[in-house]
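J.: What follows is a structure written as structure tokens; I'll ask about it next.
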Amino acid sequence: MFTPSSHDVRRFFCEAFRKHRAGEVLTPMDAIAADWIAMHPEYADVLGDAEGAIARDYSVEGGQPNPFLHLSMHLSIAEQVSIDQPRGIRDAAAALAQRLGQHDAHHRIMECLGEMIWSSQRSGLPPDGQAYIDCVRRRATG
């Protein structure tokens with residue numbers, strides 16, 4: 001299994017941004033990242049400075065949102081939906097996107113994903129995929 005470091009993740013997004021802006025050929029993953037980056041123009045300055053992005057501290061104590069975590073969550077959700085894993089996320093995400101649009105739906109799904117991860121870390125138990133799907137479904141109907 002590939003486990004990228006935070007620097008690897010930051011380099012990936014900065015490079016996808018650079019390639020996209022330069023009109024270079026994008027890998028499929030670059031293209032997906034570039035699409036999400038385009039929906040977040042507020043990250044352009046950060047992504048345009050790869051070395052600065054790698055050096056920057058995005059700790060909770062620093063009080064600044066981490067654009068790389070945010071974009072990584074978009075990619076994770078897109079992948080989950082594409083393979084319907086956990087089972088049911090595709091339909092739940094589609095229902096939420098129908099109500100809110102894809103981008104806002106992803107942001108709501110991120111909340112559920114964050115809750116699932118937090119609960120898993122807190123309890124020491126594996127992530128509860130069904131609770132995650134149920135959370136997304138509640139947001140789709142409410």
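The values are calculated or read from the model by the stated rules, or taken from the named source; none is laboratory data. Only a predicted model underlies this, so the values are computations on that prediction, with no experimental measurement involved. Note: ideal-geometry Cβ built from the backbone for every residue, glycine included; neighbour counts use all protein chains shown. For accessibility, only protein heavy atoms count, side chains too; no ligands or nucleic acids. Shrake-Rupley method; radii C 1.70, N 1.55, O 1.52, S 1.80 Å.
J.: Which one of these is closer than 20 Å to M116 by Cα, touching a residue at least 40 places away in the same chain (Cβ under 8 Å) and open to solvent by 60 Å² or more (accessible area, probe 1.4 Å): R11, R87?
T.: Answer to the selection: R87.
J.: Here is a follow-up. Considering only the stretch 95-123, state which residues are without any contact (Cβ under 8 Å) to a residue 12 or more places away in the chain and hydrophobic (A, V, I, L, M, F, W, C).
T.: Hits for the stretch 95-123 are A97, L100, I117, W118.
J.: Taking the criterion of being acidic (D, E) and under 18 Å from Y132 (Cβ atoms), would at least one residue in the stretch 39-56 satisfy it?
T.: Scanning the stretch 39-56 turns up no residue that is acidic (D, E) and under 18 Å from Y132 (Cβ atoms).
J.: Here's a follow-up. Can you name every residue in the stretch 53-66 that is in a loop (DSSP other than H, G, I, E, B) and either aliphatic (A, V, I, L, M) or farther than 16 Å from D8 by Cα (or both)?
T.: Scanning the stretch 53-66 gives S59, G63, Q64, P65.
J.: Something else: Please go through the stretch 53-74 and give me each residue that is open to solvent by 30 Å² or more (accessible area, probe 1.4 Å) and of a type outside the set (S, T, N, Q), ordered by number.
T.: Across the stretch 53-74, the qualifying residues are A55, R56, D57, V60, E61, G62, G63, P65, L69, H70, M73.
J.: Scan the stretch 113-142 for residues that are of a type in the set (D, E, K, R), assigned to a helix (DSSP H, G or I) and open to solvent by 70 Å² or more (accessible area, probe 1.4 Å) and report the count.
T.: Final tally of qualifying residues: 4.
J.: Look through the stretch 14-52, keep the residues that are assigned to a loop (DSSP other than H, G, I, E, B) and in contact with a helix residue (DSSP H, G or I) (Cβ under 9 Å, 6 or more places away or on another chain), and return whichever of them is least open to solvent (accessible area, probe 1.4 Å).
T.: Residue satisfying both the conditions and the ranking: H40.
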